[in-house]
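Quick notes on the structure that follows.
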Amino acid sequence: MVLLANINTVGYIPCFTSTVESEPDRTMSIPVGNIGPEPALLATLITDELMATYQDETLSARREELARLVETAGGEPVGEITQVRGRPDPATFFGKGKVGEVGELAEELGVTLVVVNHELSPSQQRNLEDALSVGVVDRTRLILDIFAQRARSREGKLQVELAQLAYLLPRLTGRGQELSRLAGGIGTRGPGETKLETDRRRVRRRMTDLRHEISQVRAHRSLLREQRRREGAPVFALVGYTNAGKSTLMNRLTQATLGAEDKLFATLDPAIRRAELPSGLDTYLVDTVGFVRDLPGQLMDAFRATLEEVVEADFLIHVVDVSHPEWPEQVSAVEEVLLTLGISTDAALTALNKSDRLEEPPPEVDLRALPSPILVSATMGSGLNDLLRAMDALVRESRVHCTLDVDYSMMHLLDEIHRYGEIHVEKYHDQGVHLQATLPRGMADRVRSLLSKGH
Ligand SMILES: Nc1nc2c(ncn2[C@@H]2O[C@H](COP(=O)(O)OP(=O)(O)OP(=O)(O)O)[C@@H](O)[C@H]2O)c(=O)[nH]1
Ligand SMILES: [Mg+2]
């Protein structure tokens, strides 16, 4: 079980008392001492849509994943309740009778928290809290809470806080009781030791400030990327489901010493390291935040600065925990996130990691749709040479042979071509230079378009 140390830190009750837009700090702190893991009742709704989309094993894996998320956030799942229902009740999410059962079970188990395995609308959450008289946290808020506890860097904290406030804003609709769960706990924590603001006007103002600060971080990141691009080394981004082994693989391939742990969302901040391919070619590897199914939209929006490292990479290495019983479903979840980010998986390799745990190779049929699947074990070091060779091949394939006539007025392009390309023929004549060269595909397209426009 994963329990976080800061469950024992001082908690607080954020008090939102009214919608009056005044200045005094409405967030007050009270010490709660050692409260230990917070007992939670897990509640799942199996709708027709879920039943049509997933098999029973996947549905039970989703419930197990929720338990793991609750543990990661510092809670202890002590009971579980499930309802099978065509679709959610618009007012209370679960049907009226089931809400009564949830309330009885919560009382019997003595829990102060019900965690719902879905995203609730603001009114569903309010109605449920009213009916149950305990705190209700949905899956989105749970994930945001984990991110808030994990955020260490300034950039990470800014992004998490923005995501949390974007989530909270529509939920602070003048009731005065939001976030009033006893002793803080899951769903009420801000990133690091900061308090989560609950006054609407100040939330809006803070969101504007955060967006501004994040845009500066983005600009800085983009500058660094531009510098790396000028070096001409191709960039590989490691993407994958949380806990797949991305950081472990990155450490292996680059001799880095990044934190890799058996925890969900161990990595939040991107890390970029150099690696040398067997051909001697220098590359950059980017390790970044792991994905999860139904990644909250607020997080995707707020983490744009981080995710741009993936979007802007030349190639992807999709790291899959092939020892996980639900790995094909995790692959689909990652592909869905990539699709949302507008990233194509054309230039991708698949690292089927943790193969040391397999008794036999995965069935061919499961591998068919994956781009270049390679069995590896980041901890044992097996398959890494195959992966590095595949990375080399991918870079080589992406280079194109081109014939270019560069006018003397465009000589600035020649420098760039020399730096990143391989020149086979170079002949100077009256109007300019005739070249035959092999260039990275993106650069070849750009140079051709500039030459055709004549500037
Ligand atoms: N058996 C086995 N365990 C592995 C392997 N690779 C990674 N692990 C373990 O899997 C756990 C997660 O590894 P990480 O490298 O932190 O995974 P990650 O994908 O970076 O996870 P997040 O940053 O949380 O998204 C750690 O306990 C690793 O030791 C492997 O090849 N075999
Ligand atoms: Mg990691």
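The values are calculated or read from the model by the stated rules, or taken from the named source; none is laboratory data. These numbers were taken from a predicted model, which means no experiment stands behind them. Cβ coordinates were reconstructed from backbone atoms using ideal geometry, including for glycine residues, and neighbour counts include every protein chain displayed.
Considering the range 250-306, and only residues there that are touching a Pro at 6+ places or on another chain (Cβ under 8 Å) and not aliphatic (A, V, I, L, M), the residue that is farthest from residue 118 (Cα to Cα) turns out to be 283. Contact annotation: residue pairs with Cβ atoms under 6 Å, 6 or more positions apart or on different chains, pairing a residue in the range 345-365 that is assigned by TED's automatic domain parsing to the domain that holds residue 262 with a partner that is of a type in the set (Phe, Trp, Tyr), are 347/315. On the given criteria, is residue 396 farther than 20 Å from residue 447 by Cα and basic (Lys, Arg)? When the stated conditions are applied, residue 396 does not pass them. Considering each residue of the range 255-265 in turn, none proves to be at positive phi, buried (at least 21 other Cβ atoms within 10 Å of the Cβ), within 16 Å of the chain's Cα centre (by Cα) and small (Gly, Ala, Ser).
If you go through the range 242-254 and keep only what is away from ligand 2 (no atom under 11 Å from the Cβ), touching a residue at least 40 places away in the same chain (Cβ under 8 Å) and not hydrophobic (A, V, I, L, M, F, W, C), you end up with just 252. Among the residues of the range 267-278, write down those that are part of a loop (DSSP other than H, G, I, E, B) and either within 15 Å of ligand 1 (Cβ to nearest atom) or aliphatic (A, V, I, L, M) (or both). Listed by number, the residues that qualify are 267, 268, 269, 270, 277. Residues in the range 370-404 that are more than 19 Å from residue 285 (Cβ to Cβ), surrounded by fewer than 20 Cβ atoms within 10 Å (Cβ to Cβ) and of a type in the set (A, V, I, L, M, F, W, C): 370, 380, 400, 402.
Looking across the range 274-291, the residues that are within 13 Å of ligand 2 (Cβ to nearest atom) and either in contact with a strand residue (DSSP E or B) (Cβ under 7 Å, 6 or more places away or on another chain) or of a type in the set (S, T, N, Q) (or both) come down to 285, 286, 287, 288, 290, 291. Could you check, for the range 350-360, whether at least one of its residues is part of a strand (DSSP E or B), closer than 30 Å to residue 62 by Cα, modelled with pLDDT of 95 or more and in contact with a Gly (Cβ under 6 Å, 6 or more places away or on another chain)? Yes.
When 305, 260 are checked against the criterion of being farther than 18 Å from residue 391 by Cα, within 16 Å of ligand 2 (Cβ to nearest atom) and of a type in the set (A, V, I, L, M), a single residue qualifies: 260. For the range 317-336, give me each residue that is within 22 Å of residue 302 (Cβ to Cβ) and in contact (Cβ under 8 Å) with a residue 60 or more places away in the chain. Correct list: 333, 334. The condition of being within 16 Å of ligand 1 (Cβ to nearest atom) and assigned to a helix (DSSP H, G or I) holds for residue 306.
For (1) surrounded by fewer than 20 Cβ atoms within 10 Å (Cβ to Cβ); (2) in contact with a strand residue (DSSP E or B) (Cβ under 7 Å, 6 or more places away or on another chain), each residue gets a yes or a no:
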residue: 305; (1), (2): no, no
residue: 312; (1), (2): yes, no
residue: 324; (1), (2): yes, no
residue: 333; (1), (2): yes, yes
residue: 354; (1), (2): no, yes
residue: 368; (1), (2): yes, no
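Identify the residue in the range 191-249 that is touching a Leu at 6+ places or on another chain (Cβ under 6 Å) and modelled with pLDDT under 90 and, among all such residues, is farthest from ligand 1 (Cβ to nearest atom). The selected residue is 200. Quick check on the range 410-452: of everything there that is of a type in the set (S, T, N, Q), over 38 Å from the mean Cα position of the chain (by Cα) and surrounded by 11 or more Cβ atoms within 10 Å (Cβ to Cβ), which residue is farthest from residue 228 (Cα to Cα)? Step by step, filter the range 410-452, then rank; the result is 431.
So, of the residues in the range 263-273 that are of a type outside the set (Gly, Ala, Ser) and touching a residue at least 24 places away in the same chain (Cβ under 8 Å), which turns out to be farthest from ligand 2 (Cβ to nearest atom)? Applying the filter and picking the extreme gives 272. Inspect all residues belonging to the range 379-389 and state whether any of them is within 23 Å of the chain's Cα centre (by Cα) and free of Cβ contacts under 8 Å to residues at least 12 places away in the same chain. No: zero hits. Quick one: is residue 257 free of Cβ contacts under 8 Å to residues at least 40 places away in the same chain and within 7 Å of ligand 1 (Cβ to nearest atom)? So residue 257 fails the test. Of all residues in the range 63-75, those satisfying the criterion of being touching a residue at least 60 places away in the same chain (Cβ under 8 Å) and either surrounded by fewer than 18 Cβ atoms within 10 Å (Cβ to Cβ) or of a type outside the set (Asp, Glu) (or both) are 66, 68, 69, 70, 72, 73, 74, 75. Within the range 279-292, is there a residue that is within 30 Å of residue 356 (Cβ to Cβ), of a type in the set (Phe, Trp, Tyr) and away from ligand 1 (no atom under 16 Å from the Cβ)? Among the residues of the range 279-292, at least one is within 30 Å of residue 356 (Cβ to Cβ), of a type in the set (Phe, Trp, Tyr) and away from ligand 1 (no atom under 16 Å from the Cβ), which makes the answer yes.
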